[in-house]
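Q: Please read through the structure below; I'll follow up with questions.
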Amino acid sequence: MKKNSLKGKKLLLLGTSMATCSMVRYAQKQGVEVLVADYYPPEKSEAKKIADKHVLISTTDIDKICNYARQENIDGVFCGVSEVNLKSVKAVCDELNLPCYYTQEQWDVCQNKHKFKELCSSYNIPVPHTYELKEEADIKKTRLVFPVIIKPADGSSAIGISICRNEADLLKAFPLAKKASPTACVIVEEYVVGDEYTAVYTIKDGEISLSCFRDRYSSLDHAGVTAQFDACLAPSIYYRQYKEKINDNVIRMLKGIGAYAGCVFFQGIATSEKIIVFECGYRMNGLMDYYNIEAATGVNYMEMMVNYALTGAMGGADLSRETPNPKEFWCIFNMTAHEGTISKREGLEKCLSLPYVIHCEYLLPIGRKVVDNNSLTQSVFRAYINAPTLEDIKSTIKKMQKHIRVLDENGNDMLFKAFDVERLRDAHNIRK
């Protein structure tokens, strides 16, 4: 991206989801005028508070969004990580002939879990065994091997996901997963016991680069939760295994669907004996790991995707600088809140001043009602840490857990129990 090539352009962002504020700040630094549209009043939208302009229009009202974009002579339309808003971005860009990094066919095959698993199988990428269950009545007709995991076939934010250890659990979870699916379709598959990982790829002019590969440490605050997490860490203890067995096939698959720009992430389960893929998102992931990646390599896929929205090109970032198996440690530390209304938050400034902290922020505002739905929507605080040793990561997390406080309207602590940093495993020592 040539210097100042974005200056004077106008960017319309739909919604106030994860990464939206980061995009506002980046675009404004490039001399871009940023506008935000959604149905939140400015006092409830962090993005609107810092945008140059904002408007009260639902992001699903495509006609009104298009009319507003025409009125403001918008050069590009984009959003954060919201899948609902990304669909609106696609519709608006198609109507106004503006750049959109994905095609409808690419979105459909990555978004729908059934189609995605079929695609993986065709490229020899291992996936969990799936049971064909369309209605609750099919449960008793099918020979199931428990435990299983049920999820919406096309849901988001990990809402509607349950681990079921017997038939009674599955009967209870089935309507919850179905309700969370826009098409009322669910997927039931074997629950593979192992460690979760995430592989993040950046795509530029058809070049596909593995940007980050990290291990995920699920929250142990209560049983049965798979979506909520306490920390992610790179380098992963499974990096070499993934690189040798899966990475090349994933790249072939992305090229096979014509991936040309943007970013995509894959989630899976790994053990010492096998490694599988169970989900994909053709979008920025909600953990915003570009903070860790940029601090180490100078490459920021969020910025590249803003560039694409405004110009139809990802820019001049050198993907050969990416180090998905870094020599230092990259950590994303997450804190989750129980149900209640947030009335007080403390400790952010102290955390921002800690050594090795790249960025940290509260994800939910004061006054937000948290609903206990076992999803990422309960994440309330997140920090990004790059440090030379694992002990530095552990020490930083311990300090943060002392500083951060989130209280409800009755003065009760809303946070999940503290993360045990001794769970973090040193991939460097494992490799030796």
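The values are calculated or read from the model by the stated rules, or taken from the named source; none is laboratory data. Fair warning: this is a prediction, and the values are worked out from it, not measured in the lab. Reconstructed Cβ throughout: ideal geometry from the backbone, glycine too, with neighbour counts over all protein chains shown. These accessible areas exclude ligands, DNA and RNA; they are computed on the full protein's heavy atoms, side chains included. Shrake-Rupley method; radii C 1.70, N 1.55, O 1.52, S 1.80 Å.
Q: Under 17 Å from the Cα of Lys274, which aspartates and glutamates turn up, not counting those fewer than eight places away in the same chain?
A: Within the straight-line limit of under 17 Å, Lys274 reaches these aspartates and glutamates: Glu189, Glu190, Asp195, Glu196, Asp215, Glu244, Asp248.
Q: Now for a different question. Lys64: which lysines have alpha carbons under 19 Å from its alpha carbon, excluding same-chain residues fewer than 8 sequence positions away?
A: Reachable lysines: Lys10, Lys48, Lys53, Lys87, Lys90.
Q: D for the range 253-404, whole µm²/s, Stokes-Einstein with Kirkwood Rh over alpha-carbon pairs at 25 °C and 0.890 mPa s: what number?
A: Rounded to a whole number, D works out at 138 µm²/s.
Q: Additional query: Measuring from the lowest to the highest alpha carbon on each principal axis, how far does the chain reach, largest first, in angstroms?
A: 59, 49, 46
Q: Shifting gears a bit: What distance in nm lies between label points placed 7 Å from Cα along the C-beta direction at Thr389 and His129?
A: The two pseudo-label positions are separated by 4.6 nm.
Q: Can you grab the distance from the C-alpha centre of the range 216-260 to the C-alpha centre of the range 69-124, Å, no decimals?
A: Using only Cα atoms, the two centres lie 22 Å from each other.
Q: Accessible area of the range 1-65 with a 1.4 Å probe: how many percent of it is carbon plus sulfur?
A: 50
Q: I would also like to ask the following. From the mean inverse distance of alpha carbon pairs (Kirkwood) and the Cα radius of gyration, derive Rg over Rh for the range 1-93.
A: 0.94
Q: Mind listing the long-range amide H neighbours of His359? Cut-off is under 5 Å, sequence gap 5 or more, other chains count too, H placed in the peptide plane at 1.01 Å from N.
A: Tyr384
Q: Another question, if that's okay. Could you give me the percent of Cα pairs per 10 Å distance bin for the range 61-100, shortest bin first, beginning at zero and ending with the bin that holds the maximum distance?
A: Histogram of Cα-Cα distances, whole percents per bin: 34, 59, 8.
Q: If the chain between Arg70 and Arg321 were fully stretched, how many nm would it gain, using 0.36 nm times the residue separation less the Cα-Cα distance?
A: Values: separation 251, 0.36 × 251 = 90.36 nm, distance 3.88 nm.
Contour length minus the Cα-Cα distance gives 86.5 nm.
Q: Now for a separate question. Using only C-alpha positions, report the orientation-averaged shadow area of the convex hull of the range 17-163, nm², one decimal.
A: 11.9
Q: When the convex hull of the Cα atoms of the range 1-47 is projected onto a plane and the area is averaged over all directions, what value comes out in nm²?
A: Dividing the Cα hull surface by four gives the mean projection, 3.3 nm².
Q: Please compute the Cα-Cα pair-distance distribution of the range 223-297 with 5 Å bins starting at 0, giving whole percents from short to long.
A: Final binned percentages: 3, 10, 20, 24, 24, 14, 4, 1, 0.
Q: Of the heavy-atom accessible surface of the range 140-262 (probe 1.4 angstrom), what whole percent is carbon and sulfur? Could you put the intermediate results ahead of the total?
A: Numbers: 2530 of 4960 Å².
Here carbon and sulfur together make up 51 percent of the probe-accessible area.
Q: Can you work out the Karplus-derived ³J(HN,Hα) for every residue in the range 334-345? Use 6.51 cos²θ - 1.76 cosθ + 1.60 with θ = phi - 60°, whole Hz, and x for glycine or proline.
A: 10, 10, 10, 10, 6, 4, x, 9, 5, 10, 8, 9
Q: Over the chain, give the accessible area per residue in Å² for a 1.4 Å probe, as an integer. Write down the numbers at each step before the final one.
A: Working: 18550 Å² over 432 residues.
That works out to 43 Å² per residue.
Q: Would you please calculate the Kirkwood hydrodynamic radius of the range 91-211 over all C-alpha pairs and express it in Å, rounded to one decimal? Mind showing how you got there, number by number?
A: Values: mean 1/r = 0.0612 Å⁻¹.
Over the range 91-211, the inverse of the mean reciprocal pair distance is 16.3 Å.
Q: Scaled to the compact-protein estimate 2.2 N^0.38 Å, what is the alpha-carbon radius of gyration of the range 371-432, rounded to two decimal places?
A: Relative to the 2.2 N^0.38 Å estimate, the range 371-432 comes out at 1.41.
Q: Taking the Cα centre of the chain as origin, work out the dipole magnitude from +1 charges on Lys and Arg Cβ and -1 charges on Asp and Glu Cβ, in debye rounded to 20. Could the numbers behind the result be given before it?
A: Working: 55 positive and 54 negative charges, 108 e Å.
It works out to roughly 520 debye.
Q: Which ³J(HN,Hα) values in Hz, rounded to whole numbers, follow from the phi angles of the range 298-311 under the Karplus curve 6.51 cos²θ - 1.76 cosθ + 1.60, where θ = phi - 60° and Gly and Pro get x?
A: Working through the residues one at a time gives x, 9, 9, 5, 5, 5, 4, 6, 5, 3, 5, 4, 8, 10 Hz.
Q: Moving on to the next point. Where does each of 298-309, 58-69 land if you order them by average Cβ count within 10 Å, highest first?
A: Values: 298-309: 22.9, 58-69: 17.0.
Going by the mean number of other Cβ atoms within 10 Å, highest first, we get 298-309, 58-69.
Q: Restricting the count to DSSP beta bridges whose residues both fall in the chain, what percent are antiparallel, rounded to a multiple of 5? Present the calculation step by step, with values, prior to reporting the outcome.
A: Numbers: 64 of 77 bridges.
Percent antiparallel among DSSP bridges in the chain is about 85.
Q: Once neighbouring chains are kept in place and the probe is 1.4 Å, which whole percent of the accessible area of the range 341-411 is contributed by carbon and sulfur? Present the calculation step by step, with values, prior to reporting the outcome.
A: Numbers: 1650 of 3350 Å².
The C+S portion of the solvent-accessible surface of the range 341-411 is 49 percent.
Q: Across the range 320-432, how many lysine pairs, 8 or more apart or on two chains, come within less than 24 Å at their alpha-carbon atoms?
A: Summing the qualifying lysine pairs gives 22.
Q: Under a straight-distance cross-link criterion of Cα-Cα below 14 Å, which aspartates and glutamates are reachable from Lys255, leaving out those fewer than 8 residues away in the same chain?
A: Glu105, Asp205, Glu207
Q: Pull up all non-local amide H partners of Phe229: gap of 5 or more, or a different chain, and H-to-H distance under 5 Å with H placed in the peptide plane.
A: Correct list: Ser219.
Q: Tell me, what is the percent relative contact order of the chain, built from C-alpha pairs under 8 Å that lie six or more residues apart? It would help to have the intermediate numbers written out before the result.
A: Numbers: 913 pairs, mean separation 62.0, N = 432.
With pairs under 8 Å counted, the relative contact order is 14 percent.
Q: Taking the dipole about the Cα centre of the chain, with the C-beta of Lys and Arg at +1 and of Asp and Glu at -1, give me whichever of Val250, Cys212, Pro355 is farthest to the positive side.
A: In the chain, that residue is Pro355.
Q: Further, regarding this structure: Nearest 0.05, what FRET efficiency do Val55 and Ile430 give at R0 = 45 Å with Cβ-Cβ as r?
A: It comes to 0.30.
Q: Between the range 363-396 and the range 324-348, what is the separation of their alpha carbon centroids in Å?
A: The range 363-396 and the range 324-348 have Cα centres spaced 1 Å from each other.
Q: Still on this model: Where Lys and Arg each count +1 and Asp and Glu each count -1, what net charge lies around Asp108 among other residues with Cβ under 14 Å from its Cβ? If you can, show how the numbers build up before the last one.
A: Values: positive: Lys87, Lys90, Lys113, Lys115, Lys117, Arg283; negative: Glu83, Glu105, Glu118, Asp154.
So the environment of Asp108 carries a net charge of +2.
Q: On to the next question. Just to confirm my numbers, what's the Cα centroid distance between the range 40-54 and the range 401-432 in Å?
A: 31
Q: Collect residues whose amide H, placed 1.01 Å from N in the peptide plane, falls under 5 Å from the amide H of Gly262; neighbours closer than 5 in sequence don't count.
A: Ile203
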